[in-house]
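Engineer: Submitted below is the structure of interest, expressed as structure tokens.
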Amino acid sequence: MIDELLPTIVVCAEAFGDEGENELYPQEAALVANAVPGRRAEFATVRACARRALADLGLPAAPVLPGVRNVPQWPAGVVGSMTHCAGYRGAALALSASVVAVGIDAEPNGPLPEGVLASIALPSEVSWAEAPGDGVRRDRLLFSAKECVYKTWFPLTGVAIDFEDAEITFAYGEDSASGTFEARLLRPGHRPDGVPLTGFSGRWLARQGLLLTAIALTP
């Protein structure tokens, strides 16, 4: 599903069940050696997805280890993002010669816990997020889009941002289960090549009880 939201130069792999726990590299297995079984399973599965995506790029399998703020460390020349939630794991990768950054996020299509919306939404976003969404939990979609923005922003800048540093507006597509979003960045930033970062454009999808958001920043 996530591939529907990204250009074809981004390769995607996803899973709706668990796999790959016996295929972890020793460095990876050490990171979850004391974790509960569910955490080990999601950790292994999302890395299995990442390795399938690496193979689709024509690259060899490699450990996927967390770096600063748990951002995945990809092989040189690769950009990408991973996500997991109940019932879904996914990875999206591209060659950095073609794509500057990728961000993806998956969430269950259910309400945010009480009090979370107030902590993530700007005043301009609250009324939209609280309105009925034709089967789409808008509050959770807003959360997912902001996570997606962070996953795109941080690898480019190395600077942490908060939820209130991006203002999101959404549009529906031809149906009520997909569309686009625009993220206006309220904090100054620059790409490594010096180009200012003022915002991102992304796409979203609601299907099979899930909400997916994705951004691909091209040169």
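Engineer: With everything on Cα atoms, drop me the angle between helix 37-56 and the longest principal axis of the chain, reported from 0 to 90° to the nearest 10.
Structural biologist: Once rounded, one gets 80 degrees.
Engineer: Principal axis lengths of the stretch 1-102 from Cα atoms, whole Å, largest first?
Structural biologist: Cα spread of the stretch 1-102 along its principal axes, largest to smallest: 38, 27, 24 Å.
Engineer: A follow-up question, please. Give me the percent of accessible area attributable to carbon and sulfur for the stretch 130-180, probe 1.4 angstrom. Mind dumping the intermediate values first?
Structural biologist: Numbers: 1050 of 2260 Å².
C and S atoms contribute 47 percent here.
Engineer: Quickly estimate the mean residue ellipticity at 222 nm for the chain, helices only: each DSSP H run with n ≥ 4 gives -39500 (n - 2.57), and the total goes over all residues, rounded to 500.
Structural biologist: Rounded to the nearest 500, it is -8500 deg cm²/dmol.
Engineer: Using per-residue counts of other Cβ atoms within 10 Å, averaged over each peptide, order 69-76, 208-215 from highest down.
Structural biologist: Details: 69-76: 13.6, 208-215: 23.0.
By packing density, highest mean first, the sequence is 208-215, 69-76.
Engineer: Further question: Could you report the accessible area of Asp134 in Å², rounded to 10, computed with a 1.4 Å probe on the protein chains as they sit in the structure?
Structural biologist: Probe radius 1.4 Å; accessible area of Asp134 about 120 Å².
Engineer: What do you get for the angle between helix 138-157 and the principal long axis of the chain? Use alpha-carbon atoms, 0 to 90 degrees, nearest ten.
Structural biologist: So the helix axis and the longest Cα principal axis differ by about 50 degrees.
The values are calculated or read from the model by the stated rules, or taken from the named source; none is laboratory data. For clarity, every value in this text was computed on a predicted model and none was experimentally measured. Virtual Cβ from ideal backbone geometry, glycine too; neighbours counted across all protein chains shown. Just the protein is used for accessible areas: all its heavy atoms, side chains included, with ligands, DNA and RNA removed. Shrake-Rupley method; radii C 1.70, N 1.55, O 1.52, S 1.80 Å.
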